[in-house]
Amino acid sequence: MSSRRVAMKAVDWIAFGERVPPNQRAMFNALKTRSDALTSKLTSLPEKPPAIDWSYYRKTIVKAGMVDEFEKKYNAIKVPEPIDTQGEKINAQEQEANKSAQSYCQASKERISKYEKELAKFKSMVPFDQMTIEDLNETFPETKLDMVKHPYWPHKPISDL
Amino acid sequence: PRIAPPSPTRPGPRRHLGLEVGGRRERESERPAPPPRPRHTGSPTHTGPPHSGPATPASPHTGDMLARAAIASGSFLKSAPISTSFVAISRSFHGSSQSRAPLPPLPEEGGKVRFGLIPEEFFHFLYPKTGVTGPYMFGTGLLTYLLSKEIYVINHETFVAISIGIVILYGVKKFGKDVAQFADSLNEEKVQTAQKVKELALTGLADAIEQENKEQWRMDGRNHLFDAKRNNVAMMLETNHRERLHMVYDAVKKRLDYQVGLQHLERRLAQEHMVNWVEKSVIQSITAQQVSAGPRPTRRSDRCAPLQESVHNAHKRMCALIDGGIGYNSHLAALTGVYVEYCVQFWWPPLLEQCGGFGEGAEEVYQDDAWINHQAD
């Protein structure tokens, strides 16, 4: 019925398309074509079927009462509206997606803070030409030579040279 | 100085609380001021070693710090929290006081020297007293003294030393710069690689941050997907509903149309049958009679018109009767009467021939709408 028409939100396909990552483009295109097909099918069907001209049939058909009976039953018939089986599933999916989006955003923010810390470290470090070896070892702990494990020069396994 | 280990489990302010509360506890808790010991557990969330006493081997600096604090400062109950979380300062040897300010950069060039041996500072040191030539005179005097008193003995080694010294000097003067440059370039390369790594890291991190932000922005668009899905579902439901309505309409219409079509068909069949039967019987009856026909109309239309008119009238009457729901027998009777009437007046067979029998006009006659329009033919 017309009430259902109103419930449909206008989907901004352009904005939607902007946010699709490139590896999911194909899925997005498939969804869009499907949506468009459905829309066109919907618009091609008129909302209500044309009214039956009962007076004409009453004049033409001989059988007594047939037309009246048909008319009564036709007007009385209630076409059941199709039940929505997928709606809850979609809502559930949306909830899940929201949750996972939350957690992803959290993780993403943590990653960003980590990156920013490293960025700060790099920005505030001593320039290389003013560094000593101790400075280097401080800034990049991986350059520190393990004197205990390899007491003899070059203080690292030969394969690492 | 003996340093008592701090007891972090016995914070100071508690003592005062204990005084307020109770009798006997008061006396126990009342003690002379705690022995002077440096307090450095002020910060409640210190991340360094929890028991930062001088015994911890991992941080000898803290030990030094403690000692210095114990000696230097008079008031040990410092309120300012001294955090024990030290970043390891590896330059404890270079300065008397450990400051955590960054050191100035190391000098590029070494100290200036004259004759490759004697630093400039010596010359500057002697300049106020002896002027410019002072240090040289001193050097000459020293050399003369060493040689004349034979403190330094000239022997074979001296000449060896002189020769080698000349060669070395020559080598250094000639190739020194190039070798230094080469060594510097080696170092430069290392610095360059390190610099590249740093730049890469910077750009990489900036990119990563940008990517993360972009991904977050992308996540914000997830509502669109679900809206689209819900729209699709709604559209499918609506389409289904409409299709059902149309199906109902089509079914009912089909049945009604079927009835109408059936009726039409029945009527047509009846007409045809009747007409054929009547024609047959009339022909039979005519051949028995001698019909004296009037002047034969010449024009075909004139000849055909009366027949068609008659048939038309008959048909109309018959249809009226059929619509009225009367049985077939009376129709037959009516039609027979009409045809007999007609045949009495006209000459049947030639007229039939001329008008082409019922062939041409027949279909038109038997259809409801079309032959009414052909009246003028």
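Points worth noting:
- Accessible area (Å², 1.4 Å probe, nearest 10) - B:K112: 150 Å²
- A DSSP coil position with no more than 13 other Cβ atoms inside 10 Å describes the following GluC sites (Glu not before Pro) in the stretch B:110-216: B:E150.
- Sorting A:I83, B:I168, A:I52 by accessible area puts them as A:I83, B:I168, A:I52; the probe is 1.4 Å, largest comes first, and only protein heavy atoms count.
- Local net charge near A:S108, Cβ-Cβ under 11 Å (Lys/Arg +1, Asp/Glu -1): +2
- Computed accessible area, A:Y56, all protein chains, 1.4 angstrom probe, square angstrom: 100 Å²
- Crossing angle, helix A:87-123 versus chain A [Cα axis fit, 0-90 degrees, rounded to tens]: 20 degrees
- Shown are A:I158, B:I283, B:I162, whose ranking by accessible area with a 1.4 Å probe and every protein chain present, most to least, is A:I158, B:I162, B:I283.
- Checked against a 24 Å cut-off, the cross-linked pairs A:K73/B:K253; A:K109/B:K190; A:K9/B:K253 give Cα-Cα distances beyond that limit for A:K109/B:K190; A:K9/B:K253.
- Extending 7 Å from Cα along the Cβ direction at B:L117 and again at A:I133 yields two label points whose distance is 3.1 nm.
- Interface burial for B against A (accessible surface, 1.4 Å probe, total of both chains, Å², rounded to 100): 6700 Å²
- Accessible-area value, A:S124, 1.4 Å probe, nucleic acids and ligands omitted, Å²: 90 Å²
The values are calculated or read from the model by the stated rules, or taken from the named source; none is laboratory data. All values derive from a computational prediction rather than experimental measurement. A quick note on method: Cβ atoms are made from the backbone with ideal geometry, for glycine too, and the neighbour counts reach across all protein chains shown. Surface areas here come from the heavy atoms of the whole protein model, side chains and all, with no ligands, DNA or RNA. Shrake-Rupley method; radii C 1.70, N 1.55, O 1.52, S 1.80 Å.
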